[in-house]
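The values are calculated or read from the model by the stated rules, or taken from the named source; none is laboratory data. Just so we're clear, the structure is a prediction, and the values are computed from it rather than from any experiment. Cβ placement follows ideal geometry from the backbone for every residue including glycine, while neighbour counts extend to all protein chains displayed.
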Amino acid sequence: MSAATLVVRDVTKVFDLGAVQVHALRGVTLQITQGEFVAIMGTSGSGKSTLMNILGCLDLPSDGDYLLEGVAVAELGRNALASIRNEKIGFVFQGFNLLARTTALENVELPMLYDRRHRILDPAAAAEAALVRVGLGDRLDHVPNQLSGGQQQRVAIARALVTQPAIILADEPTGNLDSHTTLEVLSVFQQLNREGMTIVIVTHESEVARYCSRIIELRDGRVQRDAVVPSPRLATADLAAIQQEAVL
């Protein structure tokens, strides 16, 4: 049985807004094991972004437990939290968050500037390997405005990969992309998952979730549904079908 990467037990999150308390999460319990490809879904206000922030160690629960690879996150100090974010979690965002005047290679090197333990001895070589892994080995010296939206997102994925994290957390990673480019990015995620990477995507798009192997749906701060996808769609197959239609 695969080891548990993320364990969430009866987690609540309450935001105090003056005289009003907002209950964003109401007793969420779930477990994500190594090598899973999970979609977290929900409408606006369902709690999915709050859960994402907790999973990414960007925020702490009001109550309940969160363990990342067996480590109780709530017990960590500020420096330890910063280290765990840098070493254990790779982040991918909707807006790419690339530095505009910086090459793809230099953008991917950025997380290693904050590697306090200097685990990666050759940052440039690691960044190049990560870009090759996402199919951008020929774009090392390109700056973002020389890349398509899909290529920029693949640079962001390479940046998330470069520190060899336990998990990739992707927040609406295809939200700014057209349908064809969305499939290209999803095919990268599926390939990384086949190689053993644990990936969690937060999305409101059911079409995106169909490419994942498990769907966790939140509603009003609670887990409404947690289901395995028996036969996830293959992004490469759908891309090939689109290309075939274009030829015809």
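Summary table
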{"item": "Residue in the stretch 163-173 that is surrounded by 18 or more Cβ atoms within 10 Å (Cβ to Cβ) and either part of a helix (DSSP H, G or I) or without any contact (Cβ under 8 Å) to a residue 60 or more places away in the chain (or both) present", "result": "no"}
{"item": "Count - residues of the stretch 23-45 that are closer than 17 Å to Thr203 by Cβ and modelled with pLDDT of 95 or more", "result": "8"}
{"item": "Hits in the stretch 135-163 (condition: closer than 17 Å to Gly56 by Cα, over 13 Å from the mean Cα position of the chain (by Cα) and not hydrophobic (A, V, I, L, M, F, W, C))", "result": "Thr163"}
{"item": "Test: residue in the stretch 146-157 that is out of contact with any strand residue (DSSP E or B) (no Cβ under 8 Å at 6 or more places or on another chain), of a type outside the set (S, T, N, Q) and not in a helix (DSSP H, G or I)", "result": "yes"}
{"item": "Residue count, the stretch 48-90 (criterion: surrounded by 19 or more Cβ atoms within 10 Å (Cβ to Cβ), on the phi < 0 side of the Ramachandran plot and outside any helix (DSSP H, G or I))", "result": "6"}
{"item": "Number of the exception - Glu128 against (1) surrounded by fewer than 17 Cβ atoms within 10 Å (Cβ to Cβ); (2) of a type outside the set (S, T, N, Q); (3) free of Cβ contacts under 8 Å to residues at least 24 places away in the same chain; (4) over 30 Å from Thr12 (Cα atoms)", "result": "(1)"}
{"item": "Members of the stretch 132-142 found to be surrounded by fewer than 17 Cβ atoms within 10 Å (Cβ to Cβ) and β-branched (Val, Ile, Thr), listed by number", "result": "Val132"}
{"item": "Leading residue by the ranking (modelled with the lowest pLDDT) among those in the stretch 202-235 that are surrounded by 14 or more Cβ atoms within 10 Å (Cβ to Cβ) and of a type in the set (S, T, N, Q)", "result": "Thr203"}
{"item": "Checklist (1) touching a residue at least 60 places away in the same chain (Cβ under 8 Å); (2) buried (at least 20 other Cβ atoms within 10 Å of the Cβ) applied to Arg154, failing item", "result": "(1)"}
{"item": "Among the residues listed as Leu68, Leu81, the single one being out of contact with any Asp or Glu (no Cβ under 9 Å at 6 or more places or on another chain) and in contact (Cβ under 8 Å) with a residue 40 or more places away in the chain", "result": "Leu68"}
{"item": "Residues of the stretch 204-222 that turn out to be on the phi > 0 side of the Ramachandran plot and in contact with a Pro (Cβ under 6 Å, 6 or more places away or on another chain), as a count", "result": "0"}
{"item": "Candidate set: the stretch 7-56, residues that are hydroxyl-bearing (Ser, Thr, Tyr) and touching an Asp or Glu at 6+ places or on another chain (Cβ under 6 Å); chosen: the one farthest from Leu76 (Cα to Cα)", "result": "Thr29"}
{"item": "Answer residue from the stretch 99-125, given it is acidic (Asp, Glu) and either part of a helix (DSSP H, G or I) or touching a Phe, Trp or Tyr at 6+ places or on another chain (Cβ under 6 Å) (or both) and is surrounded by the most Cβ atoms within 10 Å (Cβ to Cβ) among those", "result": "Glu109"}
{"item": "The one condition in (1) in contact with an Asp or Glu (Cβ under 7 Å, 6 or more places away or on another chain); (2) under 24 Å from Gln152 (Cβ atoms) that Leu110 fails to fulfil", "result": "(1)"}
